[in-house]
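So the structure is just underneath, and the comments pick up after that.
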Amino acid sequence: MASAAIACGLNIEDLNFIYFDAHDDLDSPGVNENGYFDAMGLSMLRGESWKTLMKTVPAFEPFVYNNRFLYCALRDQSEVQCQRVIDAGMTAIWGETNRKVDFARELERQLDAKTYGPSLVHLDLDVLDESFGKVNDYPSPGGLFESELITCMGLVPKKSTPKSLTVCSFDPDAGDGDRIAQIAISAISTFVKSLLETGVLRKASK
C-alpha cells in the first residue's frame with residue numbers, strides 16, 4: 001500500500017519499479033483467494049481493482065508495467081499469480097527451492113540489459129530466505145541471503161536511478177525482530193552509501 005501511494009506521489013510519467021519481494025502484490029479481488037488486501041497494491045495501481053477508491057488518490061493514473069517492472073526473488077505464488085506477472089509483461093528473477101539462485105548476478109544482468117530509471121525501489125523484507133528468521137507471517141524458502149541483499153541494495157543505485165525506497169512488511173514481534181532489523185539497517189545503509197557514491201545524494205556541508 002505504501003509503494004502504491006509513493007508511486008502516485010512521485011507523479012513521474014515513465015516510472016519504473018524494482019521490487020524485492022517474495023510476493024507479487026498483483027492480486028485483483030477476482031483472483032484473490034484469502035481476501036488479503038495487501039496482496040492487491042499493484043493491481044490497484046494499474047487501475048484493475050478498487051477503482052473508485054483509487055480515484056481518490058491525488059495524481060493517480062493507471063500504471064502500465066510492461067517492460068518497466070523488475071522483481072527480485074519472487075517465489076511464494078500460486079500458478080495463477082505467476083501467470084498474471086507474465087501476462088503483465090513484468091520481468092522476474094524467480095526464487096527457487098531446488099537450487100540456489102545467484103540473485104546478485106542475475107540482478108546485475110537484468111539492470112545491464114535495460115535502463116530502469118527513474119525507479120521506485122520496494123524492499124519487502126520477506127524477500128529474505130526463511131532461514132534468516134521470521135520477518136512476518138509469510139516466510140518462504142528460496143529467497144535472498146543476507147549478503148546477497150546487501151550486495152543487491154548497493155547495486156541498484158549504480159545501475160538505475162532510484163527516486164524512492166520503501167521498506168515494508170516487517171513485524172518485529174513475529175519471532176526474529178532483532179536479527180531482521182539489523183539486516184534491514186545494513187541493507188538501507190548500503191543503499192544510501194551507494195546513492196552518495198553515485199552523487200545522487202550529497203552530504204550536507206558543515
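The values are calculated or read from the model by the stated rules, or taken from the named source; none is laboratory data. This one's a predicted model, so the numbers in the text were calculated from it and none came from an experiment. Note that we place each Cβ from the backbone using ideal geometry, even for glycine, and neighbour counts take in every protein chain shown. In case anyone asks, the SASA skips ligands and DNA or RNA and just uses the protein heavy atoms, side chains included. Shrake-Rupley method; radii C 1.70, N 1.55, O 1.52, S 1.80 Å.
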With the condition kept exactly as written, say whether any residue in the stretch 52-66 is open to solvent by 40 Å² or more (accessible area, probe 1.4 Å), farther than 18 Å from H23 by Cα, in contact (Cβ under 8 Å) with a residue 24 or more places away in the chain and in contact with a strand residue (DSSP E or B) (Cβ under 9 Å, 6 or more places away or on another chain). no
List pairs: first in the stretch 90-119 and touching a residue at least 40 places away in the same chain (Cβ under 8 Å) and more than 17 Å from P162 (Cα to Cα), second of a type outside the set (D, E, K, R) and open to solvent by 20 Å² or more (accessible area, probe 1.4 Å), Cβ under 7 Å, 6+ apart or cross-chain? T97/P141; A104/T151; A104/L155
Are any residues in the stretch 125-139 open to solvent by 10 Å² or more (accessible area, probe 1.4 Å) and within 16 Å of the chain's Cα centre (by Cα), and if so, which ones? D129, N136, Y138, P139
If we ask which residues in the stretch 38-51 are open to solvent by 60 Å² or more (accessible area, probe 1.4 Å) and either part of a strand (DSSP E or B) or closer than 23 Å to L107 by Cα (or both), their number turns out to be 0
Qualifying residue in the stretch 182-194 (condition: without any contact (Cβ under 8 Å) to a residue 12 or more places away in the chain, surrounded by 14 or more Cβ atoms within 10 Å (Cβ to Cβ) and not charged (D, E, K, R)): yes
Would you say F60 is touching a helix residue (DSSP H, G or I) at 6+ places or on another chain (Cβ under 7 Å) and farther than 19 Å from S3 by Cβ? no
With under 18 Å from the mean Cα position of the chain (by Cα), modelled with pLDDT of 95 or more and under 25 Å from I93 (Cβ atoms) as the only criterion, which of D14, D38, D25 stands out? D25
